[in-house]
Amino acid sequence: MTLLPGALALGRNDSRSLNLNSDTLAASPILETHPSQSPWKKMISFPAALVALLVGGMFVPLRSFFVDPDVWWHIKVGATLLSTHHWPTVDAYSFTARGTPWIAYEWLGEVFLAAVQRAWGFPGLMAVGVGLTAAILFALYTLATLRCGNSKAAFVTCTVLVPLVYPSCSFRPQMLGYLFLVLTLIVLERFRRGHIGALWFLPPLFLVWVNTHGSFVLGLLPWGFTRPVAWWKFTGANLFPGFGLPASVPAWNWQPS
């Protein structure tokens, strides 16, 4: 088979173009592909081992888990809600302010505590408290890894933070607030990296948070550190925080007649 000189020149140009495109694709960090790991390999990977070490190290001091005296009041309020199926309208628990208009604005967290205590007693409360502490540390580790891109540096950072985390691990609804705050930061970090769909996790998160603990206000602060213009890339930005904050209006502003 005889090829014309023009065809040979065209073939050389095409091959050069193909080589150039191949080199460009190989050098592009966006298009670079990595073989996906199986769930089993992820479970036995080095970052997973660091998580296990971090949580295991926290479990040692948590054997003498500190229960805040305030937790019993929260459990009582939750038990009342479970038994009466309606929110209290007056304070029936204090001596000096008995009968004062009041509503349980942390009702969801209190119902959660009461349900755990009813089902599994004090050992169940301790187990859930340790589980929440582990979840908070895991969320911190995930956030640090996202920010720095290095699991070992994230492990060192979380290890330094452990002395600050432990005093706050008194089993109350506020522990759920800590977890929700870190989850919010993770979502915002993923949004900052271009994962716009991650924002859809925030409305249900805030819907639960505003009815669990008053620390949901802290979840609004990171908005100021996110580029305001970038929020409008999300087509549902005008719907948020409309999903979550109205659920808190009856709890924070409602007064019984």
Open item on the list: Rounded, prolate or oblate for region 131-221? Axes are the square roots of the Cα gyration tensor eigenvalues, ordered a ≥ b ≥ c, and the cut-off for rounded is a/c under 1.5.
Closed with: oblate
- [ ] Would you kindly derive the ³J(HN,Hα) couplings of region 170-185 from the backbone phi angles with the Karplus curve 6.51 cos²θ - 1.76 cosθ + 1.60 (θ = phi - 60°), listing them in order in whole Hz, with x for Gly and Pro?
- [x] 8, 5, 9, x, 5, 5, 5, x, 4, 5, 5, 5, 5, 4, 4, 5
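Mind ranking 157-163, 96-102, 132-138 by how tightly packed they are, going by the mean number of other C-beta atoms within 10 angstrom, highest first?
132-138, 157-163, 96-102
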Task: Full-stretch length increase - S45, T96 - with 0.36 nm per residue and alpha-carbon distance subtracted - done: 12.7 nm
Task: For region 70-165: relative contact order, % (alpha-carbon pairs under 8 angstrom, 6 or more apart) - done: 21 percent
Task: Residues with amide H under 5 Å from that of V90, placed H, sequence gap 5 or more - done: W102
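Quick note: the coordinates plus some simple rules give every number you see, no bench work behind them. For clarity, every value in this text was computed on a predicted model and none was experimentally measured. Using ideal geometry, Cβ is built from the backbone for each residue, glycine included, and neighbour counts are taken over all protein chains shown.
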